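Student: The structure follows.
The values are calculated or read from the model by the stated rules, or taken from the named source; none is laboratory data. Computed from a prediction, not measured in an experiment: that's the story for all the values here. Quick reminder, even Gly has a Cβ in these numbers, built from the backbone with ideal geometry, and neighbours come from all protein chains shown.
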Amino acid sequence: MNAIDAMNRRRFLSGVCAALLGAAVDLNAAPPTRKLKVGHTGITWGFKPEDAARAIPDVGSLGYQGYESFGEVLEAWEPKGGLKVILDANQAPLISAYCNVNLTDASKRSDEIAKIVRWAKLIKGAGGVTAVVGPNGVKRASYNFADYKSTIIEGLNEICKAVQDEGITPALHQHTGTCIESRDEVYAVMESVDTRHVKFGPDIGQLQKGGVDPVKVVSDFLPVIHHVHCKDFNGGAHWEQYCPLGRGKVNLSAVLDLLEKAPNMKILMVELDPGRHDPITPKETAEISKRYLQDQGYKFRSV
């Protein structure tokens with residue numbers, strides 16, 4: 001081996017060692033400091049009003065710092081004294097409620113506004129701050145977004161302003177099987193609505209399931225994001241093809257790093273849709289997601 005070859009070999013080995021050392025340091029580095037709190041949605045336990053009686057104690061017992069219900073569930077609990085009683089008993093404050101509204105039928109708009117205003121009052125009365133605006137379902141195979149775009153935009157502007165007038169933040173949640181699902185539909189809507197009133201509450205897992213890069217979407221709309229459903233997607237047989245955090249394909253660490261910079265974010269909501277014959281309980285899925293987020297530097301309430 002001549003001198004030049006020896007020198008090149010030493011440089012190569014030195015570079016490899018430095019790379020390995022750097023990798024070792026990265027692997028042992030402390031997780032980043034996080035400012036956001038972590039809550040959990042109730043959908044994982046089911047959609048029915050009585051499911052909240054199981055969900056809220058589980059969420060509270062794991063130290064999650066907030067809970068999301070549904071507008072219909074809040075309404076159903078009112079004759080029983082309201083959901084706030086069980087929320088307070090389990091130290092799981094209400095953050096939000098998912099509120100389905102019809103955006104494609106202008107003839108129903110006044111009724112939809114009245115409904116979501118009623119729900120906004122219930123959210124506020126239970127201590128919550130956000131109404132998650134869920135678009136109505138459509139037959140996607142025959143649906144033509146262009147035919148409804150102007151109606152959707154007008155509806156969102158009016159509905160969200162009415163919610164905002166009640167002191168509650170309205171956050172649009174794109175959803176599979178609805179009138180706002182695809183990447184182009186999300187961008188067309190969010191670039192056209194009046195964002196003084198219409199805020200964004202993306203579902204990370206549903207973006208991934210729909211073939212959309214959630215990191216790109218979150219980055220592009222970061223200033224107007226006020227609420228997030230944080231779930232993972234693996235295309236599997238359970239939980240409607242979703243999975244507990246850290247078990248799927250979503251680049252969650254990149255999404256979380258972005259959300260930490262979002263000026264209007266205070267808490268992210270872990271979510272996992274229920275499926276049939278799921279292999280573990282809702283509480284066990286919430287435990288897995290909690291451990292993942294703890295590894296990412298998030299803190300939970302001591303229990």
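Student: Give me the pairs: first residue in region 279-303 and of a type in the set (D, E, K, R), second residue surrounded by 17 or more Cβ atoms within 10 Å (Cβ to Cβ) and assigned to a loop (DSSP other than H, G, I, E, B), beta-carbon distance under 6 Å, and six or more apart or on different chains, which are they?
Tutor: Lys290/Leu62; Arg301/Gln65
Student: Can you report the number of residues in region 56-73 which are farther than 11 Å from Ile123 by Cα, among the small types (Gly, Ala, Ser) and either under 15 Å from the mean Cα position of the chain (by Cα) or in a loop (DSSP other than H, G, I, E, B) (or both)?
Tutor: Going through region 56-73 one residue at a time, the tally reaches 2.
Student: Does at least one position in region 92-104 carry a residue that is surrounded by fewer than 16 Cβ atoms within 10 Å (Cβ to Cβ) and either modelled with pLDDT of 95 or more or in a loop (DSSP other than H, G, I, E, B) (or both)?
Tutor: No, there is no match, as no residue in region 92-104 is surrounded by fewer than 16 Cβ atoms within 10 Å (Cβ to Cβ) and either modelled with pLDDT of 95 or more or in a loop (DSSP other than H, G, I, E, B) (or both).
Student: Same structure, new question: Of (1) without any contact (Cβ under 8 Å) to a residue 12 or more places away in the chain; (2) under 25 Å from Ala162 (Cβ atoms); (3) of a type in the set (A, V, I, L, M, F, W, C), Val85 satisfies all except one. Which?
Tutor: Every condition holds for Val85 apart from (2).
Student: Of the residues Leu272, Leu268, only one is modelled with pLDDT of 95 or more and out of contact with any Ser or Thr (no Cβ under 8 Å at 6 or more places or on another chain); which?
Tutor: Among Leu272, Leu268, only Leu268 is modelled with pLDDT of 95 or more and out of contact with any Ser or Thr (no Cβ under 8 Å at 6 or more places or on another chain).
Student: Suppose the filter is in the same structural domain as Ser107 (by TED's automatic domain parsing) and crowded, with 24+ Cβ neighbours inside 10 Å; does Gln208 pass it?
Tutor: Yes.
Student: Just one of Asn136, Asn157, Asn144, Asn102 is in the same structural domain as Met269 (by TED's automatic domain parsing) and either closer than 22 Å to Glu271 by Cβ or touching a Ser or Thr at 6+ places or on another chain (Cβ under 7 Å) (or both); which is it?
Tutor: Asn136 is the lone residue from the list that is in the same structural domain as Met269 (by TED's automatic domain parsing) and either closer than 22 Å to Glu271 by Cβ or touching a Ser or Thr at 6+ places or on another chain (Cβ under 7 Å) (or both).
Student: While we're on this one: Could you tell me whether region 106-114 includes any residue that is touching a Ser or Thr at 6+ places or on another chain (Cβ under 7 Å) and either modelled with pLDDT under 95 or surrounded by 19 or more Cβ atoms within 10 Å (Cβ to Cβ) (or both)?
Tutor: no
Student: Separate question: Step by step: first the residues of region 40-55, then only those that are touching an Asp or Glu at 6+ places or on another chain (Cβ under 8 Å) and not in a helix (DSSP H, G or I), then the one that is surrounded by the fewest Cβ atoms within 10 Å (Cβ to Cβ). Which residue is that?
Tutor: Ranking the qualifying residues of region 40-55, first place goes to Thr41.
Student: In addition: Picking from Gly246, Gly275, which residue would you name as being touching a helix residue (DSSP H, G or I) at 6+ places or on another chain (Cβ under 8 Å), small (Gly, Ala, Ser) and at positive phi?
Tutor: Exactly one residue qualifies, and that residue is Gly246.
Student: Just wondering, is there one or more residues in region 231-245 that are touching a residue at least 12 places away in the same chain (Cβ under 8 Å), closer than 19 Å to Arg34 by Cβ and among the hydroxyl-bearing types (Ser, Thr, Tyr)?
Tutor: no
Student: On to the next question. Please report, ordered by residue number, the helices (runs of 4 or more DSSP H) entirely within region 202-303 with at least 1 residues that are touching a strand residue (DSSP E or B) at 6+ places or on another chain (Cβ under 7 Å), charged (D, E, K, R) and under 22 Å from Phe70 (Cβ atoms).
Tutor: 204-209
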